[in-house]
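Below is one structure; the comments refer to it alone.
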Amino acid sequence: MNNMTGLHCLSAGAILVAWVGATAQLPIEKLPSEHLKFESDVLSVLEPTMPSGTSQPEHVHAHDSASVCFSGSNMRTRNHKADWSDIVKPCSLGDIVVAEFAGAPVIHAVENVGAGIFHTVMVENMRNSGWSTDPPSSSPATVLAKESRAFLIYAVTLSAATRETEQVHNKPTVVILVSGHVTVGKKPLRKPGQWILASAGAPCSISTQTEAKLIEIEVR
């Protein structure tokens, strides 16, 4: 979502003004279209879904987030007291977008001006500072796709060559199915966008009978 904010570097004073103005707007977690699925003091998981022609009112992004695309559409945003942005082209299945909002909250409205349904799975890191600096982990069929102050994000690709992998993450990790069918621990994931929360420090096994792709978002 960060590529749609139109956010530029702000002075400390400008950030303060923006935040004061934000108090009248709902946080992103409270919007009905965001479909909050899980929330704790460490992380939240949302499933933003916007059919064609729908819009979101002004709302506040205050936490770093990582989003995985499952269905894209032409979108535009309007920052607080600004004009609508240029139209952003649809995201593609499995695209990952990381946004850094902690310490520099953003207020904007969003509109789906395309013909498709906009649908992502979004993970928020609820920390505002003090993120872990643990190095990335290593496991079969897994590569580091993105790294930020708030997240370690891995891409897992299972195939005939490697149908199973096991990982131990230092922090809570949201395991999201992108394609195929898998079993994570004892839980089957059969539909793209389904996810499971893997506990910190606990072995997490992932297996498939065919081929599968997943994204893992570790919250630092």
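Any idea which residue in the stretch 131-168 is nearest to residue 208 (Cα to Cα), counting only those that are modelled with pLDDT of 95 or more and open to solvent by less than 10 Å² (accessible area, probe 1.4 Å)?
By that ranking, first place goes to 158.
If you check 33, 52, 44, which single one turns out to be open to solvent by 50 Å² or more (accessible area, probe 1.4 Å) and either polar (S, T, N, Q) or outside any strand (DSSP E or B) (or both)?
Just one listed residue meets the conditions, 52.
On the given criteria, is residue 35 touching a residue at least 12 places away in the same chain (Cβ under 8 Å) and either at positive phi or over 18 Å from the mean Cα position of the chain (by Cα) (or both)?
So residue 35 fits the description; yes.
Given the conditions (1) charged (D, E, K, R); (2) assigned to a strand (DSSP E or B); (3) within 29 Å of residue 166 (Cα to Cα), which single one is not true for residue 127?
Only one criterion is unmet by residue 127, namely (2).
Quick one: would you say residue 197 is surrounded by fewer than 23 Cβ atoms within 10 Å (Cβ to Cβ) and either of a type in the set (A, V, I, L, M, F, W, C) or in contact (Cβ under 8 Å) with a residue 60 or more places away in the chain (or both)?
yes
I need the full set of residues from the stretch 94-110 which are out of contact with any Lys or Arg (no Cβ under 8 Å at 6 or more places or on another chain) and not in a strand (DSSP E or B), in order please.
Across the stretch 94-110, the qualifying residues are 95, 101, 103, 104, 105.
Can you name the residue in the stretch 41-66 that is among the polar types (S, T, N, Q) and touching a Leu at 6+ places or on another chain (Cβ under 9 Å) and, of all such residues, is farthest from residue 150 (Cα to Cα)?
Ranking the qualifying residues of the stretch 41-66, first place goes to 56.
Inside the stretch 162-202, can you point out the residues that are on the phi > 0 side of the Ramachandran plot and in a strand (DSSP E or B)?
Selection gives 180 alone.
Look at the stretch 210-220 and say how many of its residues are in contact with a Gly (Cβ under 9 Å, 6 or more places away or on another chain) and either part of a loop (DSSP other than H, G, I, E, B) or surrounded by fewer than 19 Cβ atoms within 10 Å (Cβ to Cβ) (or both).
2
Return the only residue of 174, 184 being in contact with a Phe, Trp or Tyr (Cβ under 8 Å, 6 or more places away or on another chain) and either hydroxyl-bearing (Ser, Thr, Tyr) or under 19 Å from residue 121 (Cα atoms) (or both).
Result of the check over 174, 184: 174.
So residue 91 fits all but one of (1) under 20 Å from the mean Cα position of the chain (by Cα); (2) in a loop (DSSP other than H, G, I, E, B); (3) in contact (Cβ under 8 Å) with a residue 40 or more places away in the chain; (4) surrounded by 15 or more Cβ atoms within 10 Å (Cβ to Cβ); what number is the exception?
Looking at each condition in turn, residue 91 falls short on (3).
The values are calculated or read from the model by the stated rules, or taken from the named source; none is laboratory data. What you are looking at is a predicted structure, and each value in this text was computed from that prediction instead of being measured. Note: ideal-geometry Cβ built from the backbone for every residue, glycine included; neighbour counts use all protein chains shown. SASA here: full protein model, heavy atoms, side chains in, ligands and nucleic acids out. Shrake-Rupley method; radii C 1.70, N 1.55, O 1.52, S 1.80 Å.
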